[in-house]
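Okay, structure first, notes after.
No value in this document is a laboratory result; all are computed from the given coordinates. It should be emphasised that the depicted structure is a prediction, and the values quoted were computed from it without experimental measurement. When we count neighbours, we look across all protein chains shown, and the Cβ atoms used for this are built from the backbone with ideal geometry, even at glycine.
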Amino acid sequence: MQRLIHKHWQRLIARFPQWEQAQAPFAKAMQLLAECTARQRKILICGNGGSAAAAEHIVDELMKSFILNRSLPQGFLRRLADAYPAHIEELSALQGGIAAISLVSGVALPTAFANDVNGDLSFAQQVYALANPGDIVLGISTSGNSANVNHALRVARLLSCTTIGLTGCDGGEMAELLDAELRYPSDIAAHVQELHLPMYHTLCTCLKEYVFGSQPAAAPAVPLCTTHDISHSPLRRPGIKANMPPRVDLLIFDFDGVFTDNIVRVDQHGHEAVYCSRSDSLGVDMLRAAHIPMLILSTETSPVVRARADKMRIPVEQGCGDKAAFLAAFMREHTLTPHNVIYMGNDVNDLAAMRLAGYVAAPRDAHPAVLKIAHIVTAAPGGKGAVREICDRILAAHACHARQRSI
């Protein structure tokens, strides 16, 4: 954690040296935020005016993906597939989030409390009702003297919450209410607000990397490509084909259910075996001869997968629990355009990664949620020529494109 904090601190002060005096409170604030999320607590944020906008901004940064990819856990996807198979396509588009609540949102409660009780207590009332020990209440005030924010912090301390503040000037009354204070010492509110933004951006970025890892920014979840004459609904009927992209920079395969019939044979000694199609292997050989890059992504770690991948001379990434995160990083590293990437898979754990590719292929016996988003569904089932069909289609499109270029 300390190395991560140091990395983001250096990036902050390289661009905004005005914050150089805040290294120690920055490190403390980050440590508190990391502990809060690790314990599955939440972050409550409040401020007024421009600081209220900042509170909303921070919540947006924490609750949804911005730069880093946030795939759903495989366990959640499996439960989703079991419980709501008809809605898996929509619900699997959800993203991992950090629990954060803006106390400045809404109109009914704060106006009712201001009218009936005391406007200075509207944030404090929400903290009292929502906060639990171990939560963080983050207050933002350019002066440090916002009465409603400071009352919220006082209630937070009474409830054994941690308090963090973004302040200005001399910190005002807020300074005494904080476990970690990030102060830009200016009495010009506009200047304080300008410097608050890069500070909370850095806090959010560091926290997100701590929680979700350092998945690159290249390919956050993108809608399926609608080029290559795919202007109609995704295909569902086996054997019907949409036009392939004219150039394929990467063809990704799942293994089980694509190269195999998705059945594992286990003998009395616990040794596993699968059936694969030799015609699939020949198709792979032809793609290699045409210089089409290929990759196998497998959730399982199995000597069977390794042996077959080595036999076909296809690079393989095994034990890939988060295929979308791996693929996003791979596409960034190799500067790949989603439009020219094809993903062939058969089950719900491929859905998030499929959304990073411009073109989706599926065997005829794939999960209904995969068939629903596929641009091509093979006539053959997995393990019985489905891969060969895709290889033949790619080669045909490749040859057609080459002929058109020569005219």
C-alpha long axis of helix 2-15 to longest principal axis of the chain, angle in ° = 70 degrees
By how many degrees, between 0 and 90 and to the nearest 10, does the Cα long axis of helix 50-63 differ from the longest principal axis of the chain?
-> 30 degrees
With Cα springs under 10 Å, the Gaussian network model of the chain assigns the largest mean-square fluctuation among Leu182, Leu166, Leu12 to Leu12
For Tyr343, Tyr210, ascending order of other Cβ atoms within 10 Å (fewest first) is Tyr210, Tyr343
Can you list, largest first and rounded to whole Å, the semi-axes you get for region 257-383 by taking the square root of 5 times each eigenvalue of its Cα gyration tensor?
-> 23, 17, 16
With each run of n ≥ 4 DSSP H residues scored as -39500 (n - 2.57), what mean residue ellipticity at 222 nm is computed for the chain after dividing by its residue count and rounding to the nearest 500 deg cm²/dmol?
-> -13000 deg cm²/dmol
Answer rounded, prolate or oblate for region 1-112, using the Cα gyration tensor with square roots of eigenvalues a ≥ b ≥ c: rounded when a/c is under 1.5, else prolate when a/b is larger than b/c, else oblate.
-> oblate
Which label belongs to the value computed from this structure, given these candidates for semi-axes √(5λ) of the Cα gyration tensor in Å: (1) 32, 25, 21; (2) 32, 29, 21; (3) 51, 22, 20?
-> (3)
Computed label-point distance, nm, for sites Glu20 and His271 using a 7 Å Cα→Cβ extension | 6.8 nm
List the trypsin sites (Lys or Arg not before Pro) within region 60-99 that fall in a DSSP loop (any state other than H, G, I, E or B) and whose Cβ has at most 16 other Cβ atoms within 10 Å.
-> Lys64
Quick note on Lys42, Lys208, ordering by fewest other C-beta atoms within 10 Å, gives Lys42, Lys208
For the chain, modelled as a GNM with alpha-carbon contacts under 10 angstrom, which of Ala83, Ala357, Ala27 fluctuates the most?
-> Ala83
Cα-based helix-to-principal-axis angle, 303-312 vs the chain, degrees rounded to 10 = 60 degrees
So which residue, out of Glu61, Glu173, Glu181, gets the largest mean-square fluctuation from a GNM of the chain using Cα contacts under 10 Å as springs?
-> Glu173
